[in-house]
1. Yes or no: segment A:328-346 includes at least one residue that is without any contact (Cβ under 8 Å) to a residue 60 or more places away in the chain and crowded, with 16+ Cβ neighbours inside 10 Å.
2. If residue B:16 passes every condition in (1) more than 14 Å from chain A (Cβ to nearest Cβ); (2) buried (at least 22 other Cβ atoms within 10 Å of the Cβ); (3) near ligand 1 (Cβ under 10 Å from one of its atoms) but one, which one does it miss?
3. Are any residues in segment B:231-265 free of Cβ contacts under 8 Å to residues at least 24 places away in the same chain and over 28 Å from residue B:448 (Cβ atoms), and if so, which ones?
4. Looking only at segment B:301-313, which residues are touching a strand residue (DSSP E or B) at 6+ places or on another chain (Cβ under 8 Å), assigned to a loop (DSSP other than H, G, I, E, B) and surrounded by fewer than 17 Cβ atoms within 10 Å (Cβ to Cβ)?
5. Mind checking which residues of segment B:433-450 are crowded, with 17+ Cβ neighbours inside 10 Å and either without any contact (Cβ under 8 Å) to a residue 60 or more places away in the chain or within 16 Å of ligand 2 (Cβ to nearest atom) (or both)?
6. Condition (residue is more than 20 Å from the chain's Cα centre (by Cα), surrounded by fewer than 17 Cβ atoms within 10 Å (Cβ to Cβ) and under 19 Å from residue A:78 (Cα atoms)) applied to segment A:142-162: is it met by at least one residue?
7. Can you find even one residue in segment A:81-91 that is surrounded by fewer than 22 Cβ atoms within 10 Å (Cβ to Cβ), touching a helix residue (DSSP H, G or I) at 6+ places or on another chain (Cβ under 7 Å) and in contact (Cβ under 8 Å) with a residue 60 or more places away in the chain?
8. All but one of (1) over 20 Å from residue B:409 (Cβ atoms); (2) touching a helix residue (DSSP H, G or I) at 6+ places or on another chain (Cβ under 6 Å); (3) within 14 Å of chain A (Cβ to nearest Cβ) hold for residue B:356; state the number of the condition that does not hold.
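The values are calculated or read from the model by the stated rules, or taken from the named source; none is laboratory data. All of these numbers come straight from a predicted model, not from anything done at the bench. No Cβ is skipped: glycine too gets one built from the backbone with ideal geometry, and neighbour counts run over all protein chains shown.
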Ligand SMILES: Nc1ncnc2c1ncn2[C@@H]1O[C@H](COP(=O)(O)OP(=O)(O)OP(=O)(O)O)[C@@H](O)[C@H]1O
Ligand SMILES: [Mg+2]
């Protein structure tokens, strides 16, 4: 009874945060002499106006969901896995690399797709483990380690696209030579959306939900995240658990990279991670690290991303506006959470 | 400053932690607050110092109603509080810590502040080095720093929540002398404690809380039995000493040499028998905590051997000791003992040795937690987070979490923060384990506790360790002298004999 009351109070504050974020963006729009209602309508239209757009929203939803699933594991262990972007990138590089090996062989394409995606997961996990090793054995905070590894991953990616894997004659920002169609993840009718990737995302969500909520491992991770010394004294091998959480996150990030390569772009491109890793960090904070809210919030973010594409086309506003909306949403909801804690704490 | 509580009520969910409390404290007096664990003492003090707000009722300072909304507000009104569980200190120098609390003035004057600091501390006979880092201080020294800081910020009422747990006898004397000086200057002192003898020598008046109610106020001089009866609603007596030690050795230190700056503990030879209880006596920082940590792999010895049940575990880590049925319970409960943010049920799930499948049987562990809550008289629910428990109840939970199948338990201040009744009960629980062959190694700052419950005693003095003394033939006086560094010639004679005996 009491709990439902605190729940509804908390929902009220979240909605308040949402309202403030919208207000904030409205003010910005007014300042630049744009019409706010028009902009919001365009975003809505852009996301839901026709089946292609709806499909595109889901194309973005999948990677957002997957990376955030992974980030929930590291957040639970008390870690800020800023290196997530690099882990996506390395996952994509591994997938591309392995797929290139099999291009001219007679092995069944289905098998090749499976092997390359597993390779992507391996790559992501390795890159994440590196951040973990730096932290555990090198004493490098995972935030700095992750930032450094992100730079290296990006450099590696660009190096490959313009070097070893460049398109014959025309190395360019458009990426590597696209893979032949039978190496693509099968898509849904004519859309870029693959039912397989939706399946992976849903499966990932279910796995992470039960892993963190229902298993002994998840509880031990939580203990490590909330009090490392005490957890160790209660018999939990702490650094091993942190390492595992990095690896789990890396698997998800690597899978994300693999899907971007096999299902969306069908090649390696320079900005293959598309900033989804950082958006995942925002989403994780926004849902207060609770897996239940992940699917709808990720969908909302994806819709904003796709809807924003219409802005520069129709009313000459930069599509970064949706980024502003997303960022301010996180800020205002966090602020409201802080206010709520003060308010409820007083009672 | 005259401090008055009027009709204070505070609920935490279903718990009514303070019920209609009315209490008037004269300026210049030292007011004692007594009560069993979970009686509501810390809650009342946190209300006065702005950490929590009452549901109803008010606080009057010198007759004026005030609204204390935050600790910063409290200090503005001149109220400062020393906490039961010392809050985190950042790794800063003492003087920086001091300057951080400064009001006004953009650029703190380093030199001047140091001068003022020295002046202030000389008034109380404290001798803290302003250039030292805060995290190198003992609990007692942090407390002195905190008192100085609060006074410097202009506190005219000081609240001390169980200040004497964890400090040495000498530090306690200094503390009491300082509090008396402050009271004479007209400051109001509120002193919360479980130790009747402390309250009796220090306070001019005590208020007794039980289950959230103020059950009475008594002026000095006191009748101890009356105080105990008011606290618990019944008379309490200590149990008899009893020994259940057997002859087989379960734990052994051979020529152990541990170093932990600035202490060097050399040449420790020692055997623990099954069912035996060994008390480690000494002033805080004399090396007993260092030795205890070296015994469980939390600190690497420089040389020598640690042998558990015939197995050489030297240089193994703590987790391996745990696998060999050794467990260690440190003094800082929320830092090293329990995980803040996790519920009791979650703690029992982690600590449990059964039902270790992939998925958690939540129903089972909820029930287990509820049973343990009953068995150990913990005031709290299975879904209460550990930081919402009162200090004493956190300690009970930590003890309840010790695995069933242990052969050696090492405890740092096992009854710190427990009221007398719970302390006796806890020792009953520990002795039950001894009957089944479990051995106990414990540190305590309370010499009477050591004499009452140990079979043998190791005394520490600045890194020196005495040979085991028989508790039955050691007196409180003797022990007090030894921890103060007196009478060691005699002890070393015994030690030589002991060692030559051990060698033959
Ligand atoms: N933040 C909180 N949330 C929920 N319950 C709380 C909280 N703080 C205290 N309580 C409950 O209020 C009661 C009184 O707690 P309080 O800390 O005042 O006891 P105490 O007299 O200081 O005991 P101790 O001697 O053990 O420190 C206890 O039952 C405790 O569990
Ligand atoms: Mg208390």
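1. yes
2. (2)
3. Of all residues in segment B:231-265, those free of Cβ contacts under 8 Å to residues at least 24 places away in the same chain come to B:233-235, B:237, B:240, B:261-262.
Once the filter is applied, which keeps residues that are free of Cβ contacts under 8 Å to residues at least 24 places away in the same chain and over 28 Å from residue B:448 (Cβ atoms), segment B:231-265 yields B:261, B:262.
4. Here is the first cut: in segment B:301-313, the ones touching a strand residue (DSSP E or B) at 6+ places or on another chain (Cβ under 8 Å) are B:301-309, B:312-313.
Now narrow it down to the ones that are assigned to a loop (DSSP other than H, G, I, E, B): B:301-302, B:309, B:313.
B:302, B:309, listed by residue number.
5. B:433, B:446
6. no
7. Of segment A:81-91, the ones surrounded by fewer than 22 Cβ atoms within 10 Å (Cβ to Cβ) are none.
There is no residue in segment A:81-91 that is surrounded by fewer than 22 Cβ atoms within 10 Å (Cβ to Cβ), touching a helix residue (DSSP H, G or I) at 6+ places or on another chain (Cβ under 7 Å) and in contact (Cβ under 8 Å) with a residue 60 or more places away in the chain.
8. (2)
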